[in-house]
Amino acid sequence: MTLVQRLESFKAENNFVGRGKLGLALFLTNKAKTNGLPIITANLRTKGGGQIAGFSGKAVQKILIKYGVTRSTGTEAGRTSRGTPAAADAYSEFLNALHTANLANLDEIEHWWVDRIIDFFNSEPFILNYDQSRTLRAMIQDLLDQAIKRQREAPGTTYIGAVLQHFVGAKLTLALPEIEIKHHGFSVADAVSSRSGDFVIDDVAIHCTTAPTEALLSKCQANLQASVRPIILTISKGVEAAEVMAETKGIAGRVEIMDAIQFLTTNLYELSLFRTSERRVTIEKLIEKYNEIVEQCEPDPSLRIAVG
């Protein structure tokens, strides 16, 4: 059995799946790199015996930062529960057994646990924090801000664009039940494909983007030449940029350019018939449809949304 297979087996058999145990495994591995193997389990505990010395959320975060992982694990990653000492003993014995078998490559093991924490991050859904005292616009903006934050913490990812596209797709599906709305994975963006837009309804092509580009405006030009009416839905700061580019290309006044959040908010009020009692129900229906689309079109489950 390889080292990775042994790690996977230990993780599954000992239920090292939450922030607490994942953080503990990373902390103890790092400690073993400093102090060497084998680990003397009795030396892990504080004087009272109920906690693991030095184990905290900050200690775990410090290790993650060395690997370029800036997303916070929170205090839960270093929280000691009744089962923490027993879990620490089990993992220490596991490392000691690897040491005896000459398999304890601690650098590789530490990196493996960092990857498992990243996997955990990526499995967490976004949260739409429903608060009746706040506007729908503020709630949607908060959701997109979460996507922006996660994207910054994982360079190379495109969370916000995917969330925006599928949110619009879910809204269109709810608002137009008599029309079949076709959904596509975000990676197959219409700007680089043969499709007229992210969503095509009759003679209208809807383009969802967080950052309008020359290529997108060229796509809109092609729409107009094909007698298709283009609509660009973007975030607020993208509206002005798209308008400038439309003017440069000579299609100003022929392309609808809208604030996507305003577009979504207005429709949500209409779908809930402007009734306070129907607003949360409508939001939950929207999120349910959104999650269905993500499941069908995206390989990344972390794009899911939960209503908080």
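Things worth noting here:
- Test: residue in region 170-191 that is β-branched (Val, Ile, Thr) and in a helix (DSSP H, G or I): yes
- Residue tally, condition part of a helix (DSSP H, G or I) and farther than 19 Å from ILE305 by Cα, over region 91-145: 22
- Among the residues of region 231-274, those that are over 29 Å from the mean Cα position of the chain (by Cα) and on the phi < 0 side of the Ramachandran plot comprise GLU243, VAL244, MET245, ALA246, GLU247, THR248, LYS249, ILE251, ALA252, ARG254, VAL255, GLU256.
- Residue among ASP107, ASP131, ASP119, ASP145 that alone is in the same structural domain as LEU64 (by TED's automatic domain parsing) and modelled with pLDDT under 95: ASP119
- Pairs, first free of Cβ contacts under 8 Å to residues at least 24 places away in the same chain in region 223-237, second surrounded by 15 or more Cβ atoms within 10 Å (Cβ to Cβ) and of a type in the set (Phe, Trp, Tyr), C-beta under 9 Å, six or more apart: none
- Consider region 146-168 and keep the residues that are assigned to a helix (DSSP H, G or I) and polar (S, T, N, Q). The one that is farthest from ILE65 (Cα to Cα) is GLN165.
Here's the yes/no breakdown for (1) loosely packed, with under 11 Cβ neighbours inside 10 Å; (2) more than 22 Å from ILE118 (Cβ to Cβ); (3) at pLDDT 85 or above:
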site: ILE40; (1), (2), (3): yes, yes, yes
site: LEU44; (1), (2), (3): no, yes, yes
site: GLY50; (1), (2), (3): no, yes, no
site: SER56; (1), (2), (3): no, no, yes
site: VAL60; (1), (2), (3): no, no, yes
site: TYR67; (1), (2), (3): no, no, yes
site: THR70; (1), (2), (3): no, no, no
site: THR75; (1), (2), (3): no, no, no
site: ASP89; (1), (2), (3): no, yes, yes
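The values are calculated or read from the model by the stated rules, or taken from the named source; none is laboratory data. The shown structure was predicted, so the numbers you read here are calculated from the model rather than taken from an experiment. Here the Cβ is made from the backbone with ideal geometry for all residues, glycine too, and neighbour counts use every protein chain on show.
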